[in-house]
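Report on the following structure.
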Amino acid sequence: MQAEYILRGQVLSFAGTPFEGDSPEAAVKLHEAVAIGGGKVLELGTWDGLRKAHPMAELVDHGDRLILAGFVDAHVHFPQTAIIASWGKRLIDWLNSYTFPEEMRFGDRAYADEIAGRYLDLTRANGTTTMCSYCTIHPESVDAFFTAAQARGQRVVAGKTCMDRNAPEGLRDTAQSAHDDSAALIGRWHGVDRLSYAITPRFSPTSTPEQLEAMGALWADHPDCLMQTHLSEQTDEIAWVKSLFPEARDYLDTYEQFGLLGARGLYGHAIHLEDRERARLREVGAALVHCPTSNTFIGSGLFDMAGLMAEGQRIGLATDTGGGSSFSMLRTMAAAYEVGQLRGTPLHAAQLLWLATQGSARALHMGDQIGNIAPGMEADLVVLDLASTPAIAQRSAGAKDLWESVFATIMMGDDRAVAEVWINGARD
C-alpha cells in the first residue's frame, strides 16, 4: 500500500517493555519517520527512504518533535467532566456531594451529548486518543458517548454504570434492568467500528449481590467484553465493603464469587490490596489501573507500582477524571512519578510513556492495535513539542539526552506541548 502521509520527527516505538532488563531505554527504538495510510502504520524508517518508497505521500515535517502513539487512558468517568477539581472530599462524600448530583443529569440525551463532545474535545487536545469510560446508569449516556466517539473515528471503550443500592433515587436501576439495558447496549454498540463495550458495575457497595450476580452472568454470556469496576481505593471504603459482605474473604472476593474476576477485568485503583487479592489478580491476568492524580487528590493512598510490576501484574495508567484533577496524561505521568518517589521507586521517562500508551493498551487487551507505532498498528499518534513553554524550552536546551528532555515535558507539560494529534490516520 502506498502511504497517504509521511511524518518526520523523533518517532518513538517500543520493542519491549521498559520494566524488564537493566535499562528502560533499551526497550525504545527511535526512527526518523513513519509512513501511514488506510488508518494504519505502514512503515518506519529514514525520511529519505520513506519518501522514495512513497513518492505520492503528503510530507509532514515535525523536525525534532517527538512522535509517539496516542495516549490511552484506561479509567475515566466522562460524565464527571463538568465537576472536575471539586474541593475537599474523600471518596464517599465526594460521590454524594458532587458525582451523584451531576450524574442525575445524564438522563437528558441533549446534556449527555454536550458533555460527551466536550470531554472528547478536551482529551484530544491533551493527546489522548483512546479511553475506557464509565457512563451513568442511563443508556442515553452510553449512546451519547459512543455516538460522539464514532463521529471522531476513535477507538474507545465504555459501559452503562450499574447501581441498585447506596445511591440516590433516580440513579438506581435493578439487577434485571441493569442486565437487560447492558445487554441491549452490547448488541447496539460492541464491535461497531472502533467501539467496544465494558460491563460496568460501579463498585460492590452500590450493587446488591443479586446485581453482581446478574453482571457476572452477562459477562459469561459476552466474554469478549471487558468488565470494569473499582477495587480497594480507600481504607474506609474497604471497611464499608466488609460490612456489606461479611462472608467475603476480602474486597476482591465480592467480585470473584459472582463471576466478576477474569483476564478481561479492569480494576481501578487497587491501592490497598491483600496478599490473596494480589495473587488471584496475577493468576487470572486481570488488569490493575493506576490513577495517581485521583489517588492524591481524594487522599486515597500510594499505588505500589514497583511491587506489582515485579509480581508480573498487568498495569495501565489513567486520569480517573473527574476524581482525577486533570484531563492530561502528561500530568498523570508526572503524578505517577511523584507517587513512585514517595514510595522510593521513581519511574523512568520511558516507563512513564510506556504506561500511558502500550501499558494501558495492554490493560484493555488492545496492545496489538493501539499504544505503539509499529507496522500494522492503528495510526493514532500524538506529536509532542519538547520546548512548548519558555520554562520547558530552557530545561530542554540543557538536557544531555532525549530522556532528560522528555522528562521535562512530562513533569511540566500540558496541552501546549501537544503539537498535533492523529486519530485513525486522520490529522486533527
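The values are calculated or read from the model by the stated rules, or taken from the named source; none is laboratory data. Quick caveat: nothing in here was measured; it's all calculated off a predicted structure. Heads up, the Cβs are rebuilt from the backbone with ideal geometry, glycines too, and the neighbour counts pull from every protein chain shown. Ligands, DNA and RNA are stripped out before the accessible areas are found, and what is left, the full protein with its side chains, is counted by its heavy atoms. Shrake-Rupley method; radii C 1.70, N 1.55, O 1.52, S 1.80 Å.
Determine, yes or no, whether Pro346 is within 29 Å of Thr129 (Cα to Cα) and either in a loop (DSSP other than H, G, I, E, B) or among the polar types (S, T, N, Q) (or both). Write out each step before concluding.
On the way: within 29 Å of Thr129 (Cα to Cα): yes; either in a loop (DSSP other than H, G, I, E, B) or among the polar types (S, T, N, Q) (or both): yes.
Answer is yes for this residue.
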Regarding Asp93, is this residue open to solvent by 10 Å² or more (accessible area, probe 1.4 Å) and either within 20 Å of the chain's Cα centre (by Cα) or modelled with pLDDT of 95 or more (or both)? no
Which condition number in (1) open to solvent by less than 10 Å² (accessible area, probe 1.4 Å); (2) free of Cβ contacts under 8 Å to residues at least 40 places away in the same chain is the one that Val284 fails? (1)
Among the numbered criteria (1) without any contact (Cβ under 8 Å) to a residue 60 or more places away in the chain; (2) assigned to a loop (DSSP other than H, G, I, E, B); (3) not acidic (Asp, Glu), which single criterion is violated by Gly371? (1)
Need the failing condition index for Asn166 against (1) closer than 14 Å to Val76 by Cβ; (2) part of a loop (DSSP other than H, G, I, E, B), just the number. (1)
Out of (1) without any contact (Cβ under 8 Å) to a residue 24 or more places away in the chain; (2) touching a Lys or Arg at 6+ places or on another chain (Cβ under 7 Å); (3) polar (S, T, N, Q), the one Thr130 does not meet is (1)
Test set (1) closer than 24 Å to Ser141 by Cα; (2) open to solvent by less than 10 Å² (accessible area, probe 1.4 Å); (3) of a type in the set (Phe, Trp, Tyr) - Trp219 fails condition number: (2)
Just checking, does the stretch 124-136 include any residue being open to solvent by less than 10 Å² (accessible area, probe 1.4 Å), out of contact with any Asp or Glu (no Cβ under 9 Å at 6 or more places or on another chain), over 16 Å from Gly170 (Cβ atoms) and not in a helix (DSSP H, G or I)? yes
